[in-house]
Amino acid sequence: MKPLSGKFRIGKPLIGALAGAAAPLIVFLATLSIAGPGRAAVTVIGGGLAQTCSKSALAGASDAAAEAVCTTALETEFLSPRDLAGTYVNRGVMKLRRKLFAPALADFDLAVRAKPELGEIYVNRGAALIGQRRYADGLADLDHGLSLGVEEPAKAYYNRALAHEGLDDVKAAYLDYLKAVELAPDWDAPKRELTRFHVARKE
C-alpha cells in the first residue's frame, strides 16, 4: 500500500455504521505504518537463569548479555515444557528487538515444539513474519495466538493491524488498532497509528 500524503485524522462516521445506524459507505485511508511490531514476553517463575531471562525480556532488554543468560538457561537448567517454551520465546523476543527476524523465528519454532498451546509463541512469530513482510503468514499466526489466549492481547491486535495493512486491508487494520487501544488505553503505539487514518463518508 502506497503512503498517502497530507494530514490525517479520525472522524466520527464509523461509530454509527458499526452500531447499525443507516449511514453512507465508510472509506478508510491511511499512511503505511513505520512502527515495529509489538513483542510479548513470557513470565517464567521459580528462580534460576530462566526467570532472570524472563525478567530481562519483560523489562525490554535486547543486548547480547541478556540473550546469553537465556541461552545458558536453555542449555543447563531443567525446565517444564511451559518454561522451556517461554525461555525460547523470551530469547526470540530479544532477537526480534534487534530485527534479527530469522534467528527469532527459529526460537519461536523451538517454542512451538515445547508447548504448542502457548499463545504468546504465535503472537511473536507473527511479529517476526511481519518483519520479513510475510504478512499473510503473520496474520495466520496472530489469529491462532488470539484463539489460544494471551496475557497481552493488545499487542496481538496491534500486530494483526500491521499484517492487515501489509495486505492492504485498511479497514481491518483500523479496527484492530482501535481494539488495541480499547484493551490498553495507556499504550501510545496504537494511538499513534490511528492518527494516520482518515475516516470519511462516501456519498
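Things to note:
- Tensor-based shape of region 53-92 (alpha-carbon gyration tensor, a/c under 1.5 rounded, otherwise prolate or oblate): oblate
- Ranked packing of 100-110, 186-196, most packed first, by mean Cβ within 10 Å: 100-110, 186-196
- Whole-Hz Karplus values for region 140-155 come out as 4, 5, 5, 4, 5, x, 5, 5, 7, x, 9, 6, 10, x, 4, 5 Hz, taken residue by residue from phi with 6.51 cos²θ - 1.76 cosθ + 1.60 and θ = phi - 60°; glycine and proline positions read x.
- Entries in 115/171; 55/179; 95/155 that, when Cα-Cα distance is taken, lie over 23 Å: 115/171; 55/179
- Rounded if a/c under 1.5, otherwise prolate or oblate - region 48-197, Cα gyration tensor axes: prolate
- Sorting the segments 138-144, 65-71, 83-89, 122-128 by their mean number of nearby beta carbons within 10 angstrom, highest to lowest, gives 122-128, 83-89, 138-144, 65-71.
- Only Lys, Arg, Asp and Glu carry charge here, each on its Cβ (+1 for the first two, -1 for the last two); on that basis region 48-197 has a dipole of about 300 debye about its Cα centre.
Bear in mind that the values in this text are calculations on the coordinates, not laboratory data. Worth saying up front: this structure is predicted, and the values here are computed from it rather than measured. Note that each Cβ is placed from the backbone with ideal geometry, even for glycine, and that neighbours are counted across all protein chains shown.
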